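Here the structure comes first, spelled out in structure tokens, and everything after it is commentary.
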Amino acid sequence: MSNPLSDLEKADVYFCIGTNMTECHPVAATRMKKALARGAKLIVADPRYIRLAEMADLYLPLRVGTDVALLLGMAHVIVRENLIDQKFVSERTNGVEDYIEHVKNFTPEWASEITGVPAKDIEKAAILYAAADKASIYYTLGITEHICGVDNVQSLSNLALITGHLGREGCGINPLRGQNNIQGAGDAGAAPSEYPGYQVVTKSENKEKFEKLYGREMDSERGITKVTALEMCGNGIHAMLIDGENTVVSDPDRKHSEHALQALDHLVVIDIFLTETAAMADVVFPATSWGETDGTITNTERRIQRLRAAVPPPGEAKPDWWILSSLANAMSIPGFEYDSPQEIFNELCSISPVYAGVDWDIIDGGQYQWPVPYKGHPGTPRLHEDGFTNGKAIFKVIGFRDPAEVIDDEYPVWLTTGRRLQSYHTRTQTGRSSGIEYLAPEEYLEVHPDNVKKWGLTDGGWAKMTSRRGEVKIKVKATPRSPRGTVFASFSFAETPINILTGSGYDPTTHTAELKVCTVHIEPL
């Protein structure tokens with residue numbers, strides 16, 4: 001997030017797109033509810049009439065996979081109405097001339113034809129967002145889990161840049177992280193294209209720096225993604241370690257994932273429970289949970305926090321760092337001679353520019369938000385207040401393209417997926433609670449009442465849903481939350497493996513799967 005969570009209470013206008021915030025980030029959403037109660041305005045763009053849409057001053061019910069078209073239409077209006085922050089653009093950006101000429105081609109009427117959102121509402125949204133003193137953008141996986149996920153994010157960045165809604169209180173571009181240490185994982189170098197601290201692997205100076213640290217030669221090209229790794233299972237990759245992820249349930253195209261893992265000679269899984277993925281492993285290492293672990297996490301607002309073990313771990317469970325270090329030492333891989341999480345964190349601080357000003361001894365109070373570039377620096381709750389670290393921000397010229405699959409006579413229904421308030425991710429944890437089981441015992445398919453009748457379905461009855469990759473049996477729930485022609489289900493329940501159906505494509509840059517768009521055929525059972 002460019003702005004701290006406290007700014008969720010400080011905007012005049014909120015533009016929430018591709019985020020079911022009240023269900024997926026309910027605690028953070030309470031801050032925005034306070035702002036709405038004092039009179040702030042809310043724009044919501046989502047295919048479903050979610051709870052957030054009920055709270056909105058303006059709801060934009062766009063067709064799945066058409067975010068870029070909507071954002072181009074909004075940009076056209078901002079340029080047409082001369083709502084550009086000229087001072088911000090001239091002082092802090094490059095490439096605005098090409099961008100302005102580009103968006104002149106994409107009228108609200110053009111965007112309406114693609115998105116299904118009335119042109120007048122696209123105009124209202126653009127003017128409301130651009131004319132506000134403090135306007136902020138919030139998004140989650142509804143923006144990124146597309147073959148055009150990078151295009152979606154860059155389109156949002158363009159809107160923030162042209163209106164100057166960056167680097168100020170109550171503004172910014174704010175992706176809410178879905179898990180407590182996703183941000184910290186990226187900071188520590190979990191992406192195949194970056195060393196810790198977002199230092200790209202293709203730069204020779206970074207390569208030399210980490211070769212000196214680890215005492216071995218480092219690759220000069222970016223590593224492979226999980227998508228590529230699964231494709232190479234049994235053909236180039238013969239052993240795999242999966243740490244804390246239930247790949248079989250959460251990854252798209254389940255049959256492909258299962259076939260890939262079965263093709264391995266050796267599979268190792270580290271997890272706190274015997275998940276569906278762990279059940280396939282040759283070796284399972286039991287890990288400690290958050291309440292049994294000492295270490296650090298970095299949350300969605302870039303806040304570095306100490307994690308302290310509250311209870312001893314059960315049985316032979318060990319922290320992830322201990323398991324990984326022990327494996328590396330057993331394989332004679334240098335650089336893993338760690339004795340404590342303190343040692344590991346301090347190494348991260350010594351090599352990561354954004355952590356350079358902190359260490360284990362001073363993060364006790366959780367007051368630091370990176371970047372903290374030097375000792376004595378107070379941290380950076382709000383990014384870009386004093387400019388951009390790379391000089392000037394660059395406008396990107398983005399065009400619209402259809403999802404990997406579009407509806408046709410054989411698969412005439414759009415399926416979109418997401419999460420539910422009661423069930424966290426693949427239910428590895430929440431599925432073991434009897435209270436949660438009472439609230440959400442099974443998965444169901446949200447279908448508009450008109451489609452329930454048209455397709456011969458029964459509310460509460462069973463349906464067969466088929467895509468180009470497989471089929472599932474699922475209960476039907478008639479609800480106007482789903483628009484006509486679009487259905488929704490979560491991927492939480494292994495008993496109803498929705499990920500059998502998904503997997504039509506990936507973003508070419510990030511290899512993020514298009515989990516938000518899939519075409520299906522539905523028939524009653």
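The values are calculated or read from the model by the stated rules, or taken from the named source; none is laboratory data. Keep in mind the model is a prediction, meaning the values are calculated, not measured. Glycine also receives a Cβ, built like all others from the backbone with ideal geometry; neighbour counts cover every protein chain displayed.
General observations
- Among the conditions (1) of a type in the set (Val, Ile, Thr); (2) farther than 20 Å from Ile173 by Cβ; (3) under 18 Å from the mean Cα position of the chain (by Cα), the only one that Val68 does not satisfy is (2).
- Residue in the stretch 30-38 that is outside any helix (DSSP H, G or I), farther than 16 Å from Ser155 by Cα, out of contact with any helix residue (DSSP H, G or I) (no Cβ under 9 Å at 6 or more places or on another chain) and assigned by TED's automatic domain parsing to the domain that holds Gly172 present: no
- Residues in the stretch 365-397 that are of a type outside the set (D, E, K, R) and surrounded by fewer than 12 Cβ atoms within 10 Å (Cβ to Cβ): Gly365, Tyr374, Gly376, Pro378, Thr389, Asn390, Gly391.
- Applying a threshold of 8 Å to beta carbon distances and a minimum spacing of six or more residues, or different chains, the list of pairs starting in the stretch 71-92 at a residue that is in contact (Cβ under 8 Å) with a residue 60 or more places away in the chain and ending at one that is surrounded by fewer than 17 Cβ atoms within 10 Å (Cβ to Cβ) and among the basic types (Lys, Arg) reads Val79/Lys104; Arg92/Lys392.
- In summary, Phe400 fulfils each of the numbered conditions (1) among the aromatic types (Phe, Trp, Tyr); (2) under 26 Å from Arg254 (Cα atoms); (3) at pLDDT 95 or above; (4) buried (at least 17 other Cβ atoms within 10 Å of the Cβ) with the single exception of condition (2).
- Taking the criterion of being basic (Lys, Arg) and modelled with pLDDT under 75, the only residue of the stretch 413-432 that qualifies is Arg427.
- Subset tally (residues that are assigned to a strand (DSSP E or B) and surrounded by 13 or more Cβ atoms within 10 Å (Cβ to Cβ)) for the stretch 435-484: 16
- When the stretch 336-350 is filtered for residues that are outside any loop (DSSP other than H, G, I, E, B) and either modelled with pLDDT under 95 or among the charged types (D, E, K, R) (or both), the ones remaining, listed by number, are Glu343, Glu347.
- Residue list for the stretch 284-311, filter: out of contact with any helix residue (DSSP H, G or I) (no Cβ under 7 Å at 6 or more places or on another chain) and either part of a loop (DSSP other than H, G, I, E, B) or not aromatic (Phe, Trp, Tyr) (or both): Pro286, Thr288, Ser289, Gly291, Glu292, Thr293, Arg303, Ile304, Gln305, Arg306, Arg308
- Selection status of Ile272, in contact (Cβ under 8 Å) with a residue 40 or more places away in the chain and of a type in the set (Val, Ile, Thr): yes
- The set of residues from the stretch 314-335 being part of a loop (DSSP other than H, G, I, E, B) and more than 30 Å from the chain's Cα centre (by Cα) comprises Pro314, Gly315, Glu316, Met331, Ser332, Ile333, Pro334, Gly335.
- Counting residues in the stretch 181-188 that are under 24 Å from Ala356 (Cα atoms) and in a loop (DSSP other than H, G, I, E, B) gives one or more.
- Filter result for Gly503 (farther than 30 Å from Arg222 by Cα, in contact with a helix residue (DSSP H, G or I) (Cβ under 8 Å, 6 or more places away or on another chain), of a type in the set (Gly, Ala, Ser) and not assigned by TED's automatic domain parsing to the domain that holds Glu258): no
- Top-ranked residue of the stretch 146-170 - restricted to ones that are part of a loop (DSSP other than H, G, I, E, B) and over 20 Å from the mean Cα position of the chain (by Cα), ranked as surrounded by the most Cβ atoms within 10 Å (Cβ to Cβ): His165
- Top-ranked residue in the stretch 485-510 [being over 23 Å from Arg432 (Cα atoms) and part of a strand (DSSP E or B); ranked as modelled with the lowest pLDDT]: Tyr506
- Total residues in the stretch 136-145, condition modelled with pLDDT of 95 or more and either crowded, with 24+ Cβ neighbours inside 10 Å or β-branched (Val, Ile, Thr) (or both): 3
- Cβ pairs under 6 Å, 6+ apart, first in the stretch 422-446 and farther than 11 Å from Ser492 by Cα, second at pLDDT 75 or above and of a type in the set (Phe, Trp, Tyr): Glu446/Phe488
- The stretch 311-322, residues that are surrounded by 10 or more Cβ atoms within 10 Å (Cβ to Cβ) and not aromatic (Phe, Trp, Tyr): Pro313, Pro314, Ala317, Lys318, Pro319, Asp320
- Residue within the stretch 76-84 that is of a type outside the set (Lys, Arg) and on the phi > 0 side of the Ramachandran plot present: yes
- Considering the conditions (1) farther than 30 Å from Tyr424 by Cβ; (2) over 27 Å from the mean Cα position of the chain (by Cα); (3) buried (at least 18 other Cβ atoms within 10 Å of the Cβ), Val201 is excluded by exactly one of them, (2).
- Unmet criterion (only one of (1) touching a strand residue (DSSP E or B) at 6+ places or on another chain (Cβ under 7 Å); (2) modelled with pLDDT under 95) for Asn174: (2)
- When Ile362, Ile407 are checked against the criterion of being farther than 23 Å from Asn206 by Cβ, free of Cβ contacts under 8 Å to residues at least 60 places away in the same chain and of a type in the set (A, V, I, L, M, F, W, C), a single residue qualifies: Ile362.
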